[in-house]
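The values are calculated or read from the model by the stated rules, or taken from the named source; none is laboratory data. Source: prediction; values computed, not measured. Neighbour counts are summed over all protein chains in view; Cβ atoms, including those assigned to glycine, are modelled from backbone coordinates with ideal geometry.
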């Protein structure tokens, strides 16, 4: 089913982008000084949001459509998990995001570094959600 394959692709792209942030981008930026770390985080956050948010939304819509078409609960479970990134990001990661965005790079220090480290841990949950949705969509597409 084409819609299901598209939802799988969107979920896999989301998971890949999220995992890349955790295994490559975040560790690399943590090597920077505090001011540069915050500056790079702000720039990367804007770009990451522009990529990951639409992928989660599109993958969820397509997964929901696949669930409706096939009546297969695996598509629905994958959709719920992928869509869970939105409330998780808004409610759990959002307060850290807002605090970091409000911090001036010139006044960055150990507190902003600690927040970025915390952000990385919170972001790992988004990676796990994306990977779980991808596995469920793959499983559903094989049944």
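The one condition from (1) surrounded by 19 or more Cβ atoms within 10 Å (Cβ to Cβ); (2) more than 19 Å from residue 12 (Cβ to Cβ) that residue 111 does not meet is (1). If you check 73, 13, 64 for being modelled with pLDDT of 95 or more, over 17 Å from residue 119 (Cβ atoms) and under 16 Å from the mean Cα position of the chain (by Cα), only one passes: 13. For first residues located in the range 22-39 and farther than 13 Å from residue 117 by Cβ, partners that are surrounded by 12 or more Cβ atoms within 10 Å (Cβ to Cβ) and lie 6+ apart or on another chain with Cβ distances below 6 Å form the pairs 35/105; 35/108; 39/105. The number of residues in the range 118-143 that are more than 22 Å from residue 94 (Cβ to Cβ) and surrounded by fewer than 23 Cβ atoms within 10 Å (Cβ to Cβ) comes to 6.
Every residue, every condition in (1) closer than 17 Å to residue 6 by Cβ; (2) at pLDDT 95 or above, yes or no:
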position: 69; (1), (2): yes, yes
position: 105; (1), (2): no, no
position: 114; (1), (2): no, yes
position: 118; (1), (2): no, yes
position: 136; (1), (2): yes, yes
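Residues in the range 73-92 that are surrounded by fewer than 18 Cβ atoms within 10 Å (Cβ to Cβ), within 16 Å of residue 120 (Cα to Cα) and touching a helix residue (DSSP H, G or I) at 6+ places or on another chain (Cβ under 7 Å): 2 in all. Would you be able to tell me the number of residues in the range 62-85 that are touching a residue at least 40 places away in the same chain (Cβ under 8 Å), part of a helix (DSSP H, G or I) and under 24 Å from residue 19 (Cβ atoms)? Looking only at that region, the number is 11.
Apart from one condition, residue 24 fits all of (1) over 30 Å from residue 109 (Cβ atoms); (2) at pLDDT 95 or above; (3) surrounded by fewer than 22 Cβ atoms within 10 Å (Cβ to Cβ); the exception is (1).
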